[in-house]
Structure formats: structure tokens, C-alpha cells
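Here is the structure we will look at, set down as C-alpha cells.
What follows is calculated from the coordinates using simple rules that are stated; it is not laboratory data. A quick note: this is a predicted structure, and the numbers were derived from the prediction, not measured. Here the Cβ positions follow ideal geometry from the backbone for every residue, glycine too, while neighbour counts run over all protein chains shown.
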Amino acid sequence: MTQTKELKFFGRRKGKAIKQSKQKLIDELLPRLKPTLPEKGTLFDMNTFFGIQPKEIWLEVGFGGGEHVAELAQLYPDIGFIGAEPFMNGVASLLAHLNGSHEAPVLHTNLADGRTDNVRIWPDDVREMFPFFKDGLFKRIFVLYPDPWPKARHAERRFINSHNLKHLYRLLADDGQIFVATDVAAYAEWAVEQVELDGQFKQVNHDTTVAPVDWVPTRYEKKGILAGRQPIYLVFSKKNTK
Ligand SMILES: C[S@@+](CC[C@H](N)C(=O)[O-])C[C@H]1O[C@@H](n2cnc3c(N)ncnc32)[C@H](O)[C@@H]1O
């Protein structure tokens with residue numbers, strides 16, 4: 001598969017019109033939180049990437065409305081978070097969470113009082129960033145409620161696939177973990193099958209109906225539970241490491 005084909009994004013980039021106040025956050029706050037890709041062939045400088053020197057770095061792929069990354073970033077102010085999401089309404093929602101205006105008027109375009117500068121937002125396909133991260137950078141990688149692409153002819157669009165697993169393996173710390181959650185049983189089966197075919201990870205949680213320790217549910221997960229859907233949690237770590 002060619003690089004171009006690998007990087008084609010099939011989801012939505014825009015939904016309903018973004019309110020003017022949120023657009024102001026996109027115009028003024030996002031540029032301060034969006035990393036600039038370094039020169040091809042070089043890596044992000046993690047010493048200057050966040051407004052803090054993070055103890056660990058966690059990645060969230062497809063943060064949707066950003067509730068999960070926003071909450072984790074508040075719970076763990078000494079961790080650096082990178083969230084990627086091409087859907088601009090979702091990006092605007094995360095900015096509002098970080099700005100403290102999710103359920104209040106936008107009074108300024110800074111981080112909310114008391115928030116650490118520990119989140120960076122990539123408002124696009126996460127895979128564009130992969131070549132610029134050093135090996136083993138991430139202690140945790142979250143892929144939460146990925147688009148299931150249920151039709152067999154769309155299978156290659158599913159995020160957990162052989163290409164992405166190879167990147168995730170390189171980027172995961174030796175003692176790191178990948179968290180995948182879904183409420184589509186067929187997707188969970190697919191993900192486990194892809195991981196087994198890849199052969200480099202082991203599943204470390206046994207009861208997939210039990211949320212991992214300290215789990216923060218995403219908006220999608222909460223909606224699914226209310227609608228009677230059962231979350232399935234998959235936690236993977238690298239094989240052949242401690
Ligand atoms: C079903 S939504 C779930 C959103 C959120 N994780 C939640 O649980 O509420 C899946 C999200 O993944 C995003 N996504 C899909 N492929 C992506 C990619 N390659 N890079 C970043 N985000 C991606 C989509 O835009 C979409 O918002």
C-alpha cells in the first residue's frame with residue numbers, strides 16, 4: 001500500500017456551523033496548542049513541545065469532543081497529552097473544555113484558570129504526526145470508540161490495522177499500554193485478530209467487560225451505555241518486554 005493511500009482520511013472534518021465564540025478559540029487558542037511539524041526527517045523537540053516538562057506523554061487518537069483528554073489533563077497535570085482529531089467541531093469542543101467555556105460564555109481565549117499547559121492538539125489525521133515522534137515516546141495510547149466501518153469493503157479504513165499497529169508499536173514505550181474501547185463486538189474481534197496477526201503485542205486485560213483502573217469514559221461511551229450497549233475494553237502491551 002502506498003503512503004498516500006495509507007494517509008487518506010475517510011471521516012468527517014466538519015459538522016454544523018461552528019459558533020462565532022468557538023471560532024474565536026480556533027483562531028486564537030488553537031495556534032498556541034497546535035504543534036508545528038518539524039522538517040521532514042527530524043523529530044519533534046519534546047523539551048519545548050508542552051508548556052511543562054512532562055513526566056510521561058500520552059496520545060489520544062480521535063478525541064471526538066475532547067471530554068476524555070480534557071479530563072485526564074486536569075487529573076494528571078504532570079503528564080503531557082497529545083490529542084488528534086480532524087473533525088473541527090470536536091476540536092472546537094476540546095478548546096472550549098480547556099478554556100473553561102464548555103458550558104459558559106467565552107470570556108477570554110486562554111486556558112482556564114488552574115489548568116496546566118499540558119495538552120497539544122493536532123486538528124488532523126494523527127498519522128501525519130507519526131514520523132516526527134521518537135521511538136517509545138508514549139506511555140499510553142488511547143483509541144476510544146474508533147469508527148467501526150462495518151462494511152467488509154471498508155475494512156482497511158479501520159484504525160486498528162496492520163499499518164497503524166506497526167507505527168503504534170514503534171511509538172509505544174516498552175512498558176507502555178494501548179487502550180482500545182468499542183461497543184461494536186465485531187470491531188473488538190477485528191482488533192484482536194489484527195493484533196494477533198501483527199504478533200508484537202499481548203492483550204493484558206482478561207475480562208473485557210471491566211473498565212481498566214481509573215477509567216474515564218468518553219462521551220461516546222456514556223451515550224452507548226445509556227442506549228444499552230456494552231463497552232468492550234482491550235488493553236495491549238508489547239510482547240517480550242518487562
Ligand atoms: C466514533 S468517534 C469517537 C470519538 C471519541 N473517541 C469518543 O469516544 O467520544 C471516532 C473519532 O475518531 C476520529 N478519527 C478517525 N480516524 C482518525 C485519525 N486517523 N486521526 C485522528 N482522528 C481520527 C474521527 O474523526 C472521530 O471523531
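What's the exposure ranking of LYS134, LYS139, going from fewest to most Cβ atoms within 10 Å?
Final ranking by Cβ density, sparse to dense: LYS134, LYS139.
Looking at the stretch 39-167 from every direction and averaging, what is the projected area of its Cα convex hull in nm²?
9.1
Return the sequence-ordered ³J(HN,Hα) values of the stretch 135-147 in whole Hz as given by the Karplus equation 6.51 cos²θ - 1.76 cosθ + 1.60 applied to θ = phi - 60°, using x for Gly and Pro.
4, x, 5, 9, 7, 9, 10, 10, 10, 10, 6, x, 4
Quick one: order TRP149, TRP122, TRP58, TRP215 by neighbouring beta-carbon count within 10 Å, fewest to most.
Placing the least packed residue first, the sequence is TRP215, TRP149, TRP122, TRP58.
Which of the pairs LYS16/LYS40; LYS14/LYS151; LYS8/LYS40; LYS134/LYS238; LYS40/LYS166; LYS22/LYS134 have their Cα atoms more than 25 Å apart in this structure? The partial results should precede the final answer.
Working: LYS16/LYS40 35 Å; LYS14/LYS151 23 Å; LYS8/LYS40 19 Å; LYS134/LYS238 17 Å; LYS40/LYS166 20 Å; LYS22/LYS134 33 Å.
Those over the limit are LYS16/LYS40; LYS22/LYS134.
What FRET efficiency would be calculated for the residue pair LYS166, GLN230, taking the C-beta separation as r and a Förster radius of 30 Å, to the nearest 0.05?
After rounding to 0.05, the efficiency reads 0.50.
What list of ³J(HN,Hα) couplings, whole Hz, do you get for the stretch 188-202 from phi and the Karplus terms 6.51, -1.76, 1.60, once you set θ to phi - 60° and write x for glycine and proline?
The phi angles translate into 4, 4, 4, 4, 4, 5, 4, 5, 5, 4, 5, x, 9, 10, 10 Hz.
Please list the non-local residues whose amide H lies under 5 Å from the amide H of ARG120, H modeled 1.01 Å from N, same-chain partners needing a gap of 5 or more.
Amide H neighbours of ARG120: PHE81, ILE82, GLY83.
Which far-off residues, 5 or more places away or on another chain, put their amide H under 5 Å from the one on GLY11, with H placed in the peptide plane?
none
Could you check the simple spin-label distance between GLU128 and ASN110, using points 7 Å along Cα→Cβ, in nm with one decimal?
So the label points at GLU128 and ASN110 sit 2.9 nm apart.
I'd like the Karplus ³J(HN,Hα) series for the stretch 106-115: coefficients 6.51, -1.76, 1.60, θ = phi - 60°, whole numbers in Hz, and an x wherever there's a Gly or Pro.
Once rounded to whole Hz, the list reads 7, 9, 7, 10, 9, 5, 4, 3, x, 8.
Based on the Kirkwood radius over alpha-carbon pairs, what is the Stokes-Einstein translational diffusion coefficient of the stretch 119-242 at 25 °C with 0.890 mPa s viscosity, in µm²/s?
Working: Rh = 15.2 Å.
Translational D for this selection: 161 µm²/s.
Kindly provide the helix-only [θ] at 222 nm of the chain, computed as the sum of -39,500 (n - 2.57) over DSSP H runs of four or more divided by all residues, to the nearest 500 deg cm²/dmol?
-8000 deg cm²/dmol
Calculate the radius of gyration of the Cα atoms of the chain to one decimal place, then report Dmax, the largest Cα-Cα distance, as a whole number, both in Å.
17.5, 51
Residues in the stretch 143-177, backbone N under 16 Å from the label point at ASP135 (7 Å along the Cα-to-beta-carbon vector): list them, ranges by number please.
Backbone N within reach: 166-176.
Determine, for ASP45, ASP147, ASP207, the number of other Cβ atoms within 10 Å of each Cβ, and report the residues in order from fewest to most.
ASP207, ASP45, ASP147
Give the separation of the Cα centroids, the stretch 45-65 to the stretch 98-132, in Å.
One Cα centre to the other: 11 Å.
Which residue fluctuates most in the GNM of the chain (Cα springs below 10 Å): ALA211, ALA70, ALA96?
Of ALA211, ALA70, ALA96, the Gaussian network model singles out ALA211 as fluctuating most.
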